[in-house]
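All remarks here apply to the structure that follows.
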Amino acid sequence: MEKIIAGIPVQVNEEGYLTDFSQWNQAVGTELAQEASIVMTPRHWEVITYLQKEFKNDVPLSIRKIGKSGVVDIKEFYQLFPMAPLKTASKIAGIPKPVSCI
Amino acid sequence: MKRIIILGSGTAGTMMANHLHHRLNSGEWEIDIIDERKEHYYQPGYLFLPFDIYDPEDIVKPIKDFIPKGVNLINETIERIVPQENYVSMISGDHLSYDILIVATGCKIAPEETEGMQGAEWQKSVFDFYTFEGALALRNKLRDWEGGKMVVHITEMPIKCPVAPLEFAFLADSYFKHRNMRHQVELTFVTPLSGAFTKPKATAALEHLLEEKHIKIESDFAIERIDNEQKTIVDYGGRTVPFDLLVTVPTNKGDEVIARSGMGDDLNYVPTHKATLQSKNWPNIFVLGDASDIPASKAGSVAHFEAEILTDNILHYIAGEPLKEEFDGHANCFVETGNGKALLIDFNYTHEPVEGTFPFPGIGPLRLLKESRINHMGKLAFRWIYWNMLLKGTHIPFVSATMSESGKQFD
């Protein structure tokens, strides 16, 4: 479905994740963060940039991997993006919801 | 004489030994299977052992009873695989070279990954049921437990048999009801996922059952540590859940031998092509069952379907033919829901579990994603099928290695 974020129409799925990463920009990310009551800081953006880089390289993301990435430890990751940090951060980053395989 | 070595004689390795024994020319190929243990454990039985539904002797049998004559069973610990030079070295110092290697070393719990898990309360009020010892210790605990807060908990994904923790919670509800003490037990299900399961339709069905059985769910819980003094589990966000009895599924990891051999990812799973089951790094190494990193369930049914396809692929590989890209992630799992009922789910990489009938479209007799008694009979009958058909590589009638889409209600 289409949604207007930061003044531009973007495609999102029923849970609000962007379905086309090319439509993402920092203004879109900032607005998605606001929806999650998060005020972005340079530290937040560092993490977002890391997630986007992993996504582009087809690396599946998990809390464990992020904790071992050297970019951020799990404790800080939770402080930056409270409650469900990987899901919240993925949404802000404009990448798909992380899948936990079964 | 050429040699094929199978590492591990669990569900996956034993099935491969049986398949290959039937299909390979014994004058040309020697088949060896290596395992450090002497007993084969029926792992689905670990779910029933704590509730006194199965006895230990129902679920443990000698490995050698299931390995065909003509296959060499080697009872040794593997020290290292050296894929660059095509050999395996044992702790005893022996080397064994191979033409083809099949890795079926499985996965197991790693409670040491979580701070405090193996602390003062381990096997006092903190238990696992993913090992024979853990399930048995939990049975003994439950026999005289007087009630309180029981927390059923998943540490992180992926885990072996991802529905087992839910089944445990359902069976616990049923067990306490039968003992007339359900009112003395507060049951909570704690998961790192956002809901009861990963796939939407099954999540809805399973969450409905949790509610019906008055089992509370705490989702999105990523455990940081267990506080043994306060008897709480604490997540990275600072959220705590108190327990009197914690039944946890610790982090699951592939075998240490994979790490020692430098062949795995950060959880010791071997990178594997998901449709052919060939290792991504070495063409003469194949991986099946829980040892691989493919995005399918870590479950016996998956290993069974993989074994049928992998056997064909090994024959193709030997003949120098292209491999079949056929494995679709097919899984078929009974989910015990307590009170003598179960539901059945059938799914693959691309199709989530939905409602329908199985295995005969429109007829059943098994119902998909709906509770029924006959599904429960199916689950109990499965133990006989496992020991007598599955391990021997006998094809299960009417159930194909790839998932069938007929008889299912897709949107």
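The values are calculated or read from the model by the stated rules, or taken from the named source; none is laboratory data. Keep in mind it's a predicted model, so treat the numbers as computed, not measured. Note: ideal-geometry Cβ built from the backbone for every residue, glycine included; neighbour counts use all protein chains shown. Side chains are part of the model used for accessible areas, which takes the heavy atoms of the whole protein and leaves out ligands, DNA and RNA. Shrake-Rupley method; radii C 1.70, N 1.55, O 1.52, S 1.80 Å.
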Picking from B:H178, B:H183, B:H208, which residue would you name as being more than 24 Å from the chain's Cα centre (by Cα) and closer than 23 Å to B:E352 by Cβ? B:H208
Answer yes or no: is there a residue in segment A:11-23 that is closer than 29 Å to B:Y349 by Cβ, open to solvent by less than 40 Å² (accessible area, probe 1.4 Å), in a loop (DSSP other than H, G, I, E, B) and modelled with pLDDT of 90 or more. yes
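Restricted to segment B:280-320, and to residues that are within 13 Å of the chain's Cα centre (by Cα) and polar (S, T, N, Q), which residue is farthest from B:V82 (Cα to Cα)?
B:S301
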Subset of segment A:47-73 [crowded, with 18+ Cβ neighbours inside 10 Å and within 13 Å of another protein chain (Cβ to nearest Cβ)]: A:L61, A:S62, A:I63, A:I66, A:V72
Scan of segment B:272-302 for residues that are assigned to a loop (DSSP other than H, G, I, E, B) and more than 12 Å from every other protein chain (Cβ to nearest Cβ), ordered by number: B:H273, B:A275, B:T276, B:L277, B:K280, B:N281, B:W282, B:P283, B:N284, B:L288
When (1) among the hydrophobic types (A, V, I, L, M, F, W, C); (2) more than 26 Å from the chain's Cα centre (by Cα); (3) not in a loop (DSSP other than H, G, I, E, B) are applied to B:A137, the one that fails is (2)
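Based on what the data block shows, is B:N25 in a loop (DSSP other than H, G, I, E, B) and surrounded by fewer than 20 Cβ atoms within 10 Å (Cβ to Cβ)? Reasoning before the result, please.
Working: in a loop (DSSP other than H, G, I, E, B): yes; surrounded by fewer than 20 Cβ atoms within 10 Å (Cβ to Cβ): yes.
When the stated conditions are applied, B:N25 passes them.
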Take B:F243 and decide whether it is surrounded by 21 or more Cβ atoms within 10 Å (Cβ to Cβ) and either over 30 Å from B:T350 (Cβ atoms) or away from chain A (no Cβ under 12 Å) (or both). yes
Among residues of segment B:218-234 being assigned to a strand (DSSP E or B) and within 14 Å of chain A (Cβ to nearest Cβ), the residue most open to solvent (accessible area, probe 1.4 Å) is B:R225
Among the residues of segment A:79-90, what is the count of those that are in a helix (DSSP H, G or I) and either open to solvent by less than 10 Å² (accessible area, probe 1.4 Å) or more than 12 Å from chain B (Cβ to nearest Cβ) (or both)? 3
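A quick yes/no check of all residues on (1) modelled with pLDDT of 95 or more; (2) open to solvent by 20 Å² or more (accessible area, probe 1.4 Å); (3) out of contact with any Pro (no Cβ under 6 Å at 6 or more places or on another chain); (4) not assigned by TED's automatic domain parsing to the domain that holds B:T350:
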residue: B:E115; (1), (2), (3), (4): yes, yes, yes, yes
residue: B:R143; (1), (2), (3), (4): yes, yes, yes, yes
residue: B:A164; (1), (2), (3), (4): yes, no, yes, yes
residue: B:D173; (1), (2), (3), (4): yes, no, yes, yes
residue: B:H178; (1), (2), (3), (4): yes, yes, yes, yes
residue: B:R182; (1), (2), (3), (4): yes, yes, yes, yes
residue: B:G195; (1), (2), (3), (4): no, no, yes, yes
residue: B:A205; (1), (2), (3), (4): no, yes, yes, yes
residue: B:I215; (1), (2), (3), (4): yes, no, yes, yes
Index of the failed condition, B:V151 passing every other in (1) modelled with pLDDT of 95 or more; (2) open to solvent by 10 Å² or more (accessible area, probe 1.4 Å); (3) in the same structural domain as B:F197 (by TED's automatic domain parsing): (2)
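Does A:I38 qualify as being away from every other protein chain (no Cβ under 14 Å), open to solvent by less than 80 Å² (accessible area, probe 1.4 Å), within 29 Å of B:F197 (Cβ to Cβ) and within 13 Å of the chain's Cα centre (by Cα)?
no
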Considering segment B:28-42, residues that are assigned to a loop (DSSP other than H, G, I, E, B) and over 19 Å from B:S89 (Cα atoms), and then whichever is most open to solvent (accessible area, probe 1.4 Å), we arrive at B:K38
Taking the options B:I396, B:I385, name whichever one is aliphatic (A, V, I, L, M) and outside any helix (DSSP H, G or I). B:I396
Looking at B:G237, is it touching a helix residue (DSSP H, G or I) at 6+ places or on another chain (Cβ under 7 Å), open to solvent by 20 Å² or more (accessible area, probe 1.4 Å) and either more than 20 Å from B:K379 (Cβ to Cβ) or assigned by TED's automatic domain parsing to the domain that holds B:I53 (or both)? yes
